[in-house]
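Engineer: Attaching a single structure in C-alpha cells format; questions to follow.
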Amino acid sequence: MSEPLKLDVEGVVREKTGGKAPRLLVWFLKKILHEDIFNKFFREHPDLKDFEFAREVTYGLLGATVSIEGTENIPKTSDPLFFVSNHPLGGLDGMIIALMLGEHRNYNVRVIVNEFLMAIKPLQGIFIPVHVGGKQSREQVEGLNKLYESNYDIMTFPSGKCSRRIDGKIQDPMWRKSFVQKAVEYKRDVVPIYFEGQNSKFFYNLAYWRTKLGIKQNIEMLFLADEMFKSYGKHFVVHVGKPIPYTTFDNSRTAPEWAEYVRKQIYQIKGRTEQ
C-alpha cells in the first residue's frame, strides 16, 4: 500500500509566507478547500489513481450522476482525436468528461490542464500541464509536442478557465486558437462537447467584482473545491456533437475565428441532441 496523499493547507501557507501561518487565514482556507474531507478520502483510497481515482471522486465522494446525449457522435475510429468542451465547473466537468471518453475510447485519452492541478498526484497519469495565461516552460512545450504526436486522444478546455457571467449569460470567455492550429497540423478531427452545469451565484459575483475592482489575481479559483462540493448529488448531462473534420479549418477564416466558430457550435449542441 502506497503512502496516502495529504492536503496540508497550513504547511503550504507557511511555505508561501516565509514561515508565518495566520490562524484565521489557515482556518478559512482549510474550510473552503475541505481539507478534512479530502484527507479522509485519501486515507481510505491510498492506491487509487488516474481513471479509477476520478471515478471514485465523481460517483463516490461527490455522489454525482451523469447521462450522455449523442454518444453515436463519438467516432469508432482508432485515429487520435481532439475533444473540446465548454468549462462550466472548473474541475468536476473535466473528470466526468475524461471518464466518459475513457469508457468510449478505451481509456486512451489525456487531458490538458492548468499546471496547478498537477498537485493532484493520483491524476498525473492522465493530466498534461500547461501554464495558463503565460509562456510555457521548455518541459511543458516538449510534453505537449509529444502528446500531439502520440496516438492518445486529447481533451482540452480552450477557454483556459471556467465559465463566467458574460453579457448576462453563463458562458466561456474567448477560446484560445491553439486547438485549431494543432488539429490541422496533426490531422486530428475535432469532437465538440457541451457540458450542462453551473457554479453558484456567489462564484460568479466574486469573479465579476474581482474583475470590476481591477484585481488581477484569480481569487475565485480558491473556491473551486467548495463549488465542487456544492455539486454533491447533482445530475449532469453531457452532450456530444458531430465531429468537425480538421480539413474544415481552411484559410477562409483565421485560427481565432475558427476557434470562435467552434465555441458557438458548442452552445448549439444541446438543442440539436434533444431533437
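Engineer: For region 140-156, which residues satisfy the criterion of being hydrophobic (A, V, I, L, M, F, W, C), surrounded by fewer than 23 Cβ atoms within 10 Å (Cβ to Cβ) and under 17 Å from Phe83 (Cα atoms)?
Structural biologist: Listed by number, the residues that qualify are Leu144, Leu147.
Engineer: Let me ask something else about it. Please enumerate the residues belonging to region 179-189 that are over 8 Å from Ala255 (Cβ atoms) and either part of a helix (DSSP H, G or I) or outside the structural domain of Asn86 (by TED's automatic domain parsing) (or both).
Structural biologist: Correct list: Phe179, Lys182, Ala183, Val184, Glu185.
Engineer: Is it the case that some residue within region 242-254 is in contact (Cβ under 8 Å) with a residue 40 or more places away in the chain, within 22 Å of Phe82 (Cβ to Cβ), part of a loop (DSSP other than H, G, I, E, B) and within 22 Å of the chain's Cα centre (by Cα)?
Structural biologist: Within region 242-254 (the criterion being in contact (Cβ under 8 Å) with a residue 40 or more places away in the chain, within 22 Å of Phe82 (Cβ to Cβ), part of a loop (DSSP other than H, G, I, E, B) and within 22 Å of the chain's Cα centre (by Cα)), the answer is yes, since at least one residue qualifies.
Engineer: Of the residues that make up region 155-164, is at least one of a type outside the set (Gly, Ala, Ser), more than 30 Å from Thr65 (Cα to Cα) and out of contact with any helix residue (DSSP H, G or I) (no Cβ under 6 Å at 6 or more places or on another chain)?
Structural biologist: No.
Engineer: Next up: Quick one: how many residues across region 153-175 are in contact with a strand residue (DSSP E or B) (Cβ under 6 Å, 6 or more places away or on another chain) and either β-branched (Val, Ile, Thr) or assigned to a strand (DSSP E or B) (or both)?
Structural biologist: Here the count works out to 4.
Engineer: Quick one: is Ser159 closer than 30 Å to Tyr208 by Cα, among the hydroxyl-bearing types (Ser, Thr, Tyr), surrounded by 13 or more Cβ atoms within 10 Å (Cβ to Cβ) and in contact with a Phe, Trp or Tyr (Cβ under 7 Å, 6 or more places away or on another chain)?
Structural biologist: For Ser159, the condition - closer than 30 Å to Tyr208 by Cα, among the hydroxyl-bearing types (Ser, Thr, Tyr), surrounded by 13 or more Cβ atoms within 10 Å (Cβ to Cβ) and in contact with a Phe, Trp or Tyr (Cβ under 7 Å, 6 or more places away or on another chain) - is met.
Engineer: In this structure, does Ser200 turn out to be touching a residue at least 40 places away in the same chain (Cβ under 8 Å), among the small types (Gly, Ala, Ser) and under 19 Å from Gly90 (Cβ atoms)?
Structural biologist: no
Engineer: Would you point out the residue of region 84-134, among those that are among the polar types (S, T, N, Q) and closer than 23 Å to Lys177 by Cβ, that is surrounded by the fewest Cβ atoms within 10 Å (Cβ to Cβ)?
Structural biologist: So the residue we want is Asn114.
Engineer: Checking the condition surrounded by fewer than 18 Cβ atoms within 10 Å (Cβ to Cβ) and under 20 Å from the mean Cα position of the chain (by Cα), which residue from Thr77, Thr65 passes?
Structural biologist: Thr65
Engineer: If only one of Ala225, Ala207 is within 24 Å of Gly60 (Cβ to Cβ) and either polar (S, T, N, Q) or in the same structural domain as Gln268 (by TED's automatic domain parsing) (or both), which one is it?
Structural biologist: Only one candidate passes the filter, namely Ala225.
The values are calculated or read from the model by the stated rules, or taken from the named source; none is laboratory data. Please read all numbers here as calculations on a predicted model, not as lab measurements. Heads up, the Cβs are rebuilt from the backbone with ideal geometry, glycines too, and the neighbour counts pull from every protein chain shown.
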